[in-house]
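A short write-up of the structure that comes next.
The values are calculated or read from the model by the stated rules, or taken from the named source; none is laboratory data. Predicted model only: the values in this text are computed from it and were never measured. A quick note on method: Cβ atoms are made from the backbone with ideal geometry, for glycine too, and the neighbour counts reach across all protein chains shown.
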């Protein structure tokens, strides 16, 4: 498994702690292509602002998890080339609609393991909690917020 740190990414837990202490919000942007990612990183680098880059299940299928991994690794290097010495970039699975999607992101050699959101609004409350707990236990092993 590739560590998010090897890719130059940061953990949302660390990012949120700094934001709470500093009294600021962290923007999150969904990406579907390189041009969107480039614009997001350029703006974040210019302002030295932490950013959450999100990819939905559909975007992940469209762009391919392997390509997304290298796009984000490239985004970190791009931010550094713009003068941002220590980029604060996280990749987040936006609205993981099934346990399997979340698990695949956590288990894969992609870097969606830093943050997953298990979306269960279309299911009964109790089974939803059980699935979320199971997802949480799986991600907790890897220090991934759910």
*Checklist (1) at pLDDT below 90; (2) touching a strand residue (DSSP E or B) at 6+ places or on another chain (Cβ under 7 Å); (3) over 17 Å from residue 63 (Cβ atoms) applied to residue 26, failing item*: (1)
*Within the stretch 30-53, track down each residue that is touching a strand residue (DSSP E or B) at 6+ places or on another chain (Cβ under 6 Å) and surrounded by fewer than 19 Cβ atoms within 10 Å (Cβ to Cβ).*
30
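Residue-wise test of (1) in contact (Cβ under 8 Å) with a residue 12 or more places away in the chain; (2) in a helix (DSSP H, G or I); (3) at negative phi.
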| site | (1), (2), (3) |
| --- | --- |
| 36 | no, yes, yes |
| 40 | yes, yes, yes |
| 55 | yes, no, yes |
| 68 | yes, yes, yes |
| 83 | yes, no, no |
*Looking at (1) on the phi > 0 side of the Ramachandran plot; (2) surrounded by fewer than 15 Cβ atoms within 10 Å (Cβ to Cβ); (3) in contact with a helix residue (DSSP H, G or I) (Cβ under 9 Å, 6 or more places away or on another chain); (4) at pLDDT below 95, can you tell me which one residue 98 breaks?*
(1)
*Could you say which residue among 5, 21, 13 is surrounded by fewer than 15 Cβ atoms within 10 Å (Cβ to Cβ) and in contact (Cβ under 8 Å) with a residue 60 or more places away in the chain?*
13
